[in-house]
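The values are calculated or read from the model by the stated rules, or taken from the named source; none is laboratory data. A quick note: this is a predicted structure, and the numbers were derived from the prediction, not measured. Cβ: placed from backbone, ideal geometry, glycine included. Neighbour counts: every protein chain shown. For the accessible areas, the whole protein counts, side chains as well, though only heavy atoms, and no ligand, DNA or RNA atoms are used. Shrake-Rupley method; radii C 1.70, N 1.55, O 1.52, S 1.80 Å.
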Amino acid sequence: MKLKVNGQEHEVEVAADMPLLWVLRDELGIKGPKYGCGIAMCGACTVHVNGKPVRSCSYPASAVQGEVTTIEGLGTPDAMHAVQQAWVDHQVAQCGYCQSGQIMAAAALIATNSQPNDAEIDTALAGNLCRCGTYPRIRAAVKSAAKTIQGRPSDKPSVDEELA
Ligand code: FES
Ligand code: FES
């Protein structure tokens, strides 16, 4: 089957029911999306299909119509997506395992909601679990990224906020 991932066309020979996550990681070597639960419950494997977040562990690659974007295709180290930059500014990650999924879910949220409040962020990211408990910093970073995308100065955290 043909698959367009991060702007690149690929031809892969896999079973039609192979989950997208397996194709990305094992066939294409794209390791940003993580395997967590394998049953669409944790969000670690979240990628975009045509801009919408999907759980790639439970999404057959053959069902993809259009383009897949993983965290590798969201931005680059030199030109980070606003969400990636906000994650760095707010030092969100702890162990990091859940974070590519969190970032992909956050990017999809602010693409459709330019000023999400805490409740909207919690709802949109409810399926993305973080056992390190980074949720307060995720909220702050999502709001910061939303402001950047709107062209407003983003609120980089003060040292006091970060130590709180
Ligand atoms: S690994 Fe896909 S939702 Fe957990
Ligand atoms: S940062 Fe460790 S699981 Fe989220």
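A few points about this structure:
- Size of electric dipole in region 1-86: Cβ of Lys, Arg +1 and of Asp, Glu -1, about Cα centre, debye, nearest 20: 320
- Other-chain or far-sequence residues with amide H under 5 Å of THR46's (modelled H): LYS34, SER56, GLY101
- Here region 2-73 has 50 percent of its accessible surface on carbon and sulfur atoms, given a 1.4 Å probe and all protein chains in place.
- Relative to its residue count, the chain spans a Cα convex hull of 111 Å³ per residue.
- Residues of type aspartates and glutamates that LYS2 reaches as a straight line, Cα spacing below 12 Å, ignoring anything fewer than 8 places off in the same chain: GLU11, GLU13, GLU67
- Area accessible to solvent at VAL64, 1.4 Å probe radius, in Å²: 20
- Taking N as its residue count, the alpha carbon Rg of region 2-73 over 2.2 N^0.38 Å: 0.95
- Cross-link reach is defined here as a Cα-Cα straight distance under 17 Å, omitting same-chain residues fewer than 8 places apart; for LYS143 the aspartates and glutamates meeting it are ASP89, ASP118, GLU120, ASP122, ASP155, GLU161, GLU162.
- Candidate aspartates and glutamates for bridging to LYS34, where Cα separation is under 16 Å - those fewer than 8 sequence places away on the same chain excluded: ASP26, GLU72
- 5 angstrom amide H check on HIS10, placed H, neighbours 5+ away: LEU3, LYS4, VAL5
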